[in-house]
Amino acid sequence: MMENKKKKPFRFMEKMIIVVIITVLVGGAVMSIVAYVNPDAKNRCACNRQVLLEELQRERGVNSNINMSEVIHRMQYEVVCPSSGIYTEIAVTLGSGFIGGAVCSVHGGYDIIPE
Ligand SMILES: [Zn+2]
């Protein structure tokens, strides 16, 4: 009798853990299905990153010190990933050339702007 009473909270916790695991798995599966069914979102996101690149190139003509982070911040309400991804700057220096661009947290994308 005493052992049964002691075990009960553990059973509840076990159930809750299973519910959480199932929720995470189903959530991940739904996200994958949405991404698979809607490749259009991926394409629109690629177009958005291209817009950010073009804006950066345009801004560079006025201010050579501007970086992609500033462009992303300035255009955060106009250029939005259709899958709610977050855009961040990706910048790599290869030799004497600068390569940079915007990367999406959902779609990735390594768009480059050689300079
Ligand atoms: Zn995206």
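The values are calculated or read from the model by the stated rules, or taken from the named source; none is laboratory data. Keep in mind that this is a model prediction, so the values were computed, not measured. Using ideal geometry, Cβ is built from the backbone for each residue, glycine included, and neighbour counts are taken over all protein chains shown.
Before we move on, is Arg74 surrounded by fewer than 17 Cβ atoms within 10 Å (Cβ to Cβ), modelled with pLDDT of 90 or more and of a type in the set (D, E, K, R)? Against the criterion (surrounded by fewer than 17 Cβ atoms within 10 Å (Cβ to Cβ), modelled with pLDDT of 90 or more and of a type in the set (D, E, K, R)), Arg74 qualifies. Just so you know, in the stretch 52-68 the residues that are surrounded by 15 or more Cβ atoms within 10 Å (Cβ to Cβ) and in a helix (DSSP H, G or I) include one that is nearest to the ligand (Cβ to nearest atom), and it is Leu52. Kindly check whether there is at least one residue in the stretch 80-93 that is modelled with pLDDT under 85, over 26 Å from Gly28 (Cβ atoms), more than 16 Å from the ligand (Cβ to nearest atom) and in a loop (DSSP other than H, G, I, E, B). Within the stretch 80-93 (the criterion being modelled with pLDDT under 85, over 26 Å from Gly28 (Cβ atoms), more than 16 Å from the ligand (Cβ to nearest atom) and in a loop (DSSP other than H, G, I, E, B)), the answer is no, since none of the residues qualifies. When Ala41 is tested against (1) at pLDDT 90 or above; (2) in contact with a Cys (Cβ under 9 Å, 6 or more places away or on another chain), just one condition goes unmet, and that condition is (1). Restricting the first member to the stretch 39-50 and to residues that are closer than 13 Å to Val106 by Cβ, and the second to residues that are among the charged types (D, E, K, R) and more than 8 Å from the ligand (Cβ to nearest atom), the beta-carbon pairs closer than 8 Å and six or more apart or on different chains are Ala46/Asp111; Arg49/Asp111. Residues in the stretch 30-47 include at least one that is touching a Gly at 6+ places or on another chain (Cβ under 7 Å) and not basic (Lys, Arg).
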